[in-house]
Amino acid sequence: MDCDVLIIGAGIQGAAIAGAAVRRGYRVRVIEQFSRPAEGTSSRSSKLIHGGLRYLETGQFRLVRQCLREQRTLLRERPELVSLTPFHIPVYTSTTRPAWKIAAGLWLYRLLGGHRFTRVPESRWHSLDGLNTQNLSTVFRYFDAQTDDRALTAAILADARTTGAAIEFSTCLEQVECLSNGCRVHCSTLSGEKEITAAVLVNATGPWVNRVLQRITPRPTPLDIELVQGTHIIVPGVLNQGIYYLEAPRDQRAVFVMPWQGQIMIGTTETPYSGDPADVQPLETEKRYLLEVYNHYFSNRLGLKDITGAFAGLRVLPAGTGRAFTRPRDTVLHCSDSAPRVISIYGGKLTSHAHTAEKAMKLVKRITDSGQ
Ligand SMILES: Cc1cc2nc3c(=O)[nH]c(=O)nc-3n(C[C@H](O)[C@H](O)[C@H](O)COP(=O)(O)OP(=O)(O)OC[C@H]3O[C@@H](n4cnc5c(N)ncnc54)[C@H](O)[C@@H]3O)c2cc1C
């Protein structure tokens, strides 16, 4: 075999799994179809390292606790890339979630490992970056962390490379044959075709996960998923006080208004998507929805012409009939009987990449130990 573990995809999950695998002494290779890391979802997130306060509403306590644990580790180990930022939750007379409910959520968040929260005194409301104060009854302030998702992914991948992983960009998985002792992977590269054999294949291709499974013989059973697009827009402006966590007036979803590289980033949306993941683009309806949220809460009104940038990413969510907003956000690691040496990573958070990598290592060990 050319390597023990071949990872497909240089997003945050592939990068973290590569690092975890080299640390355990495996011979590791990573292939990525694009010419640099994080060209997929891992540069199109909300760039938060957080427990996900809103997941408490859907009872995802284990996920919140685990993400808050990961947040503490990242704050300690990557202080140049992950920093604590104040978040503000304004509550108006029209807000559907009452102040007591938000306070209870923040208490629970704190109990699960989050940071303490306070109420911003009314005398300080004028300093909140032009936030509308009409009918405002309370502003909660707590802390979560912000990162640069692309830079974080690149740093994790660089560490994996330094410790021995081989990383190959512009290399696309085309076909895979499952063998009794591994996988034979046919790839296309800028200089032609090539073949790599590996004892274990890790399919860390984010929204491409089921497209990659279709290229494997015998065909593994895929999980039933839906891709849900999330768009962010960038507008001019400065936020001095941190991030605003707002309830969208139209559908009561949570929307963030955040400082980002000297401007303001607003996101996100939830739009079902069924095309090629490489083609996902922000829609005009999504841009209008995000501007509507901003204009509802801030005094300086913005229009489509003010948007200086926009990007869209794809969530991998379990298929279901409910709103995407309330679906579970856990990461699922899947092996199929017909391709027992292929591990596929479904969904998950930027924040929990290290935890996912540890879970992947248990599966890699089980596969290599069993000699399946
Ligand atoms: C709108 C949005 C906001 C989010 N906000 C947050 C947040 O604030 N905090 C948080 O913790 N999480 C957030 N997430 C979740 C997080 O961004 C994702 O879970 C994470 O980035 C997924 O990483 P990944 O490595 O699995 O996938 P990706 O980053 O998509 O990486 C997959 C890689 O596989 C490569 N690939 C695909 N097919 C092939 C092939 N055939 N051959 C070679 N390479 C291939 C792709 O090019 C890509 O680089 C958000 C997600 C979305 C969509």
Using only helices, what value at 222 nm comes out for the chain when you add -39,500 (n - 2.57) per DSSP H run of length 4 or more and divide by the total residues, to the nearest 500 deg cm²/dmol?
-8000 deg cm²/dmol
Calculate the spin-label point distance for R24 paired with R97, positioning each point 7 Å from the Cα along the beta-carbon direction, and give it in nanometres.
3.7 nm
Using a 10 angstrom cutoff on alpha carbons, build the Gaussian network for the chain and name the most mobile of I307, I12, I234.
I307
Only Lys, Arg (+1) and Asp, Glu (-1) charged, at Cβ; region 68-115 dipole about Cα centre in debye
160 debye
Potential extension, D251-H186 segment - 0.36 nm per residue separation minus Cα distance:
18.8 nm
Dipole in debye (nearest 20) - region 1-152, about Cα centre, beta carbon charges: Lys, Arg +1; Asp, Glu -1:
500 debye
With x for Gly and Pro, the residue-by-residue ³J(HN,Hα) of region 204-212, computed from phi through the Karplus equation 6.51 cos²θ - 1.76 cosθ + 1.60 at θ = phi - 60° and given in whole Hz, is 10, 9, x, x, 8, 3, 6, 5, 5
Candidates T205, T58, T271, ranked by Gaussian network fluctuation over the chain, Cα under 10 Å, top entry:
T58
Where labels lie 7 Å past Cα in the beta-carbon direction, separation of L363 and L111 in nm
3.3 nm
Go through region 57-102 and name the GluC sites (Glu not before Pro) that are in a DSSP coil and have 13 or fewer other Cβ atoms within 10 Å of their Cβ.
E80
Taking the DSSP beta bridges in the chain as the whole, what percent of them are antiparallel, to the nearest 5?
75 percent
When only C-alpha pairs under 8 Å and at least 6 residues apart count, what is the relative contact order of region 1-127, in percent?
18 percent
With the dipole of the chain worked out from charges on the C-beta (+1 for Lys and Arg, -1 for Asp and Glu) around the Cα centre, which of A15, S274, V139 lies farthest toward the positive end?
V139
With Cα coordinates, the longest principal axis of the chain makes an angle with the long axis of helix 99-111, in degrees rounded to 10, of 40 degrees
Expressed as an acute angle from 0 to 90° and rounded to the nearest 10, what is the orientation of the C-alpha long axis of helix 353-370 relative to the principal long axis of the chain?
20 degrees
Under 5 Å between amide hydrogens, which residues at least 5 positions from D144 or on another chain qualify, with H placed 1.01 Å from N in the peptide plane?
T85, F87
Exposure proxy check on I7, I102: fewest-to-most Cβ neighbours within 10 Å is I102, I7
Apply the Karplus curve 6.51 cos²θ - 1.76 cosθ + 1.60, θ = phi - 60°, to the phi angles in region 281-294 and return the couplings in whole Hz, x for Gly and Pro.
9, x, 9, 5, 4, 5, 4, 5, 4, 5, 5, 4, 5, 4
I want the local charge near N210. Using Cβ-Cβ distances under 15 Å, sum +1 for each Lys or Arg and -1 for each Asp or Glu among the other residues.
+1
Whole-Hz ³J(HN,Hα) for each residue in region 67-74, computed from phi via Karplus 6.51 cos²θ - 1.76 cosθ + 1.60 with θ = phi - 60°, x for glycine and proline: what do you get?
5, 5, 5, 5, 4, 4, 4, 5
Would you grab the residues whose amide H sits under 5 Å from the one on R215? Only those 5+ places off in sequence or on another chain, please, with H modelled 1.01 Å from N.
none
Considering the chain as a Gaussian network with a 10 Å cut-off on Cα pairs, which listed residue, G182, G347, G309, attains the greatest mean-square fluctuation?
G309
In degrees from 0 to 90, rounded to the nearest 10, what is the angle of the helix 149-162 Cα long axis to the longest principal axis of the chain?
30 degrees
Go through region 8-71 and name the trypsin sites (Lys or Arg not before Pro) that are in a DSSP coil and have 14 or fewer other Cβ atoms within 10 Å of their Cβ.
R24
Taking region 230-303, which trypsin sites (Lys or Arg not before Pro) meet the DSSP loop condition and have no more than 12 other C-beta atoms within 10 Å?
R250, R301
Mind listing the long-range amide H neighbours of R36? Cut-off is under 5 Å, sequence gap 5 or more, other chains count too, H placed in the peptide plane at 1.01 Å from N.
S170
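A short reminder: the numbers here are calculations on the coordinates, not readings from a lab. All of these numbers come straight from a predicted model, not from anything done at the bench. Using ideal geometry, Cβ is built from the backbone for each residue, glycine included, and neighbour counts are taken over all protein chains shown.
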